[in-house]
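The values are calculated or read from the model by the stated rules, or taken from the named source; none is laboratory data. Keep in mind that what you see is a predicted model, and the values were worked out from it rather than measured. Neighbour counts run over all protein chains shown; Cβ positions are idealised from the backbone, glycine included. Ligands, DNA and RNA are excluded from the accessible area calculation, which covers all protein heavy atoms including side chains. Shrake-Rupley method; radii C 1.70, N 1.55, O 1.52, S 1.80 Å.
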Amino acid sequence: MKTIDLAKEGPVIPVIVINNVEDAVPIAEALLEGGIRVLEVTLRSSCALQAMEQIAKHVPDAILGSGTVRNLKDAQASLDVGCKFAVSPGYTTELGQFARKIGLSLLPGVSTGSEIMTANADDYYFLKLFPAVAVGGINLLKGFAGPFGDVKFCPTGGVTVESAPQFLALPNVVVCGGTWLTPADAVARRDWAHITKLAKEASAIKAA
């Protein structure tokens, strides 16, 4: 699959941290019920790979990806548990070429012109701007539009349900990454209905 095709599934890709394996399937099912199929589960917990494996096995309609992929080991492990794509917080040629070699679609993270050029040199033109708001957000993306007119972005980091429409209105933004869809307090309460509600709101976002 091409990572750019993820944007066809909806305006937001949830960025998910799972701290308990038993929560993995209910979270995924709640998001799907709300119209969100693309799920990025981050490698930020000790049980992340187990959680991804459970989702891949029990929620086949989900398009599962791993986040916070920083090295070749992370990429290989993500593929092994059933991920269709991977998202990295930064970019190295080693990671980009390895992901392509093993057949794992990669959405590389960038925050500077030099990083964009490095990714472009390896034929990556759909990139994650991270951490989007902290590095300049909408104004930075407007600035990138001139010299990098052939590059599309998924801004992630600090994007909210309120600001997502403004990001999506930019011609070089095709989808946003969002951490707000699976709030820790809702997961702790096992309030899956609330997560479904947030997913429905996110899937209905339109460009401003």
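For segment 156-189: of the residues being closer than 21 Å to residue 18 by Cβ and part of a helix (DSSP H, G or I), which is farthest from the chain's Cα centre (by Cα)?
Among those that are closer than 21 Å to residue 18 by Cβ and part of a helix (DSSP H, G or I), it is 189.
Mind checking which residues of segment 7-33 are under 14 Å from residue 61 (Cβ atoms) and touching an Asp or Glu at 6+ places or on another chain (Cβ under 8 Å)?
Listed by number, the list holds a single entry, 32.
Could you tell me whether residue 114 is in contact with a strand residue (DSSP E or B) (Cβ under 9 Å, 6 or more places away or on another chain) and either open to solvent by 30 Å² or more (accessible area, probe 1.4 Å) or not hydrophobic (A, V, I, L, M, F, W, C) (or both)? Please lay out each step first, then the result.
Numbers: in contact with a strand residue (DSSP E or B) (Cβ under 9 Å, 6 or more places away or on another chain): no; either open to solvent by 30 Å² or more (accessible area, probe 1.4 Å) or not hydrophobic (A, V, I, L, M, F, W, C) (or both): yes.
When the stated conditions are applied, residue 114 does not pass them.
Quick one: would you say residue 178 is touching a residue at least 60 places away in the same chain (Cβ under 8 Å) and not acidic (Asp, Glu)? Walk me through how you get there before you give the answer.
Values: touching a residue at least 60 places away in the same chain (Cβ under 8 Å): yes; not acidic (Asp, Glu): yes.
Yes: the conditions hold for residue 178.
Would you confirm whether or not segment 97-104 contains a residue that is basic (Lys, Arg) and surrounded by fewer than 20 Cβ atoms within 10 Å (Cβ to Cβ)?
Filtering segment 97-104 down to residues basic (Lys, Arg) leaves 100-101.
When the remaining residues are screened for being surrounded by fewer than 20 Cβ atoms within 10 Å (Cβ to Cβ), the result is 100-101.
Scanning segment 97-104 turns up at least one residue that is basic (Lys, Arg) and surrounded by fewer than 20 Cβ atoms within 10 Å (Cβ to Cβ).
If you check residue 106 against the conditions, is it more than 26 Å from residue 30 (Cβ to Cβ), assigned to a strand (DSSP E or B), at pLDDT 95 or above and of a type outside the set (Ser, Thr, Tyr)? Walk me through how you get there before you give the answer.
Working: more than 26 Å from residue 30 (Cβ to Cβ): yes; assigned to a strand (DSSP E or B): yes; at pLDDT 95 or above: yes; of a type outside the set (Ser, Thr, Tyr): yes.
The answer is yes for residue 106.
Give me the pairs: first residue in segment 28-52 and over 26 Å from residue 76 (Cβ atoms), second residue among the hydroxyl-bearing types (Ser, Thr, Tyr), beta-carbon distance under 6 Å, and six or more apart or on different chains, which are they?
30/196; 33/196; 34/196; 35/203; 36/203
Out of curiosity, is residue 157 on the phi > 0 side of the Ramachandran plot and either touching a residue at least 12 places away in the same chain (Cβ under 8 Å) or not small (Gly, Ala, Ser) (or both)? It would help to see each step written out before you state the result.
On the way: on the phi > 0 side of the Ramachandran plot: yes; either touching a residue at least 12 places away in the same chain (Cβ under 8 Å) or not small (Gly, Ala, Ser) (or both): yes.
Taking the combined requirement at face value, the residue satisfies it.
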